[in-house]
1. Note down, for the stretch 13-85, the three equivalent ellipsoid semi-axes (square root of 5 times each alpha carbon gyration tensor eigenvalue), biggest first, whole angstrom.
2. At R0 = 45 Å, how high is the FRET efficiency between S75 and Q98 if r is their beta carbon distance? Nearest 0.05 is fine.
3. Taking square-rooted eigenvalues a ≥ b ≥ c of the alpha carbon gyration tensor, is the stretch 58-137 rounded, prolate or oblate, where a/c under 1.5 means rounded and, failing that, a/b exceeding b/c means prolate?
Amino acid sequence: MAEKAGRPVAVGLLPPVGVEQVSNGEADQLLATWGHYLGPCSRPFGKQSFVLHIDGRPISLATSASTVSSAVRFSDDCTMPRGELVELARLCTAPGEQWATRVMLRLWREVHARQWPHWQVRAAVAYSQNDRHEGRIYRFDGWTKVRELPASGGGGQWSGRRTEGHVARGPKTLWSWRYDSHIPPAPTTGDDHD
C-alpha cells in the first residue's frame with residue numbers, strides 16, 4: 001500500500017507519476033507534516049492545492065491563491081488588480097525529495113496557475129522570504145524579479161501583527177511570470193544577480 005495525499009491505496013491502481021488537485025485541508029496537513037516555515041495557508045478566499053505524487057506517495061505540493069493585496073505594482077506605470085493575478089502561496093516538498101521542488105514549480109506555472117477558476121490570469125506572482133533564500137528557484141525557472149519589499153509587520157486585513165522574529169516579518173522579493181505579453185517588464189536595477 002502507498003499513500004495518496006494521506007490515504008492508503010494500492011500502488012498498481014495509480015500511474016507511477018501524477019499531479020492531482022487535493023482538498024486544501026489535505027494540503028495544509030502536508031505543509032504541517034513537511035514543516036513549511038509558514039505552515040498551512042489559512043487565507044479565507046480563493047485557493048487551490050495540487051500534489052505531485054510518485055507511486056502514490058505525495059512528494060511536493062503547490063497552493064494557488066488570490067493575492068492578499070487588492071493590486072500588485074509591477075513598475076511605476078504598471079499595477080495589476082487581484083482579478084488578473086494568481087499567487088503561488090505555498091510551494092513545499094517532502095523532506096529528502098528536494099529535486100521535486102523545481103518540477104512542481106514548473107508544473108504549477110505551466111498548468112495549474114493557468115487553470116485558475118476564478119478569473120483569466122494574466123500573470124502569476126510569488127514572494128520569496130529574503131532571510132530564507134535568494135529566490136534562485138524562480139530565477140532559474142525564468143521568472144522576473146520585480147522588486148524587493150521591506151519588512152512587513154503584518155496587521156492588515158488578512159494577517160495579524162507580526163512580532164520581532166516572526167517567520168513572515170522580514171523583507172521579501174516579488175517574482176512574476178507573465179502570461180500576457182502586454183505587461184511591461186519590470187525595470188532592471190542591476191541587482192538581479194541573487
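Read-outs: derived from the displayed coordinates by stated rules, not from any lab. Quantities reported herein were computed from a predicted structural model and do not represent experimental measurements. Because the Cβ atoms are built from the backbone with ideal geometry, glycine has one as well, and the counts that use them run over all protein chains shown.
1. Values: eigenvalues 175, 41, 22 Å².
Gyration-tensor ellipsoid for the stretch 13-85: 30, 14, 11 Å.
2. On the way: r = 33 Å, r/R0 = 0.73.
Calculated value: 0.85.
3. Numbers: a/c = 2.48, a/b = 1.52, b/c = 1.64.
Because a/c hits 1.5 or more and a/b fails to exceed b/c, the stretch 58-137 counts as oblate.
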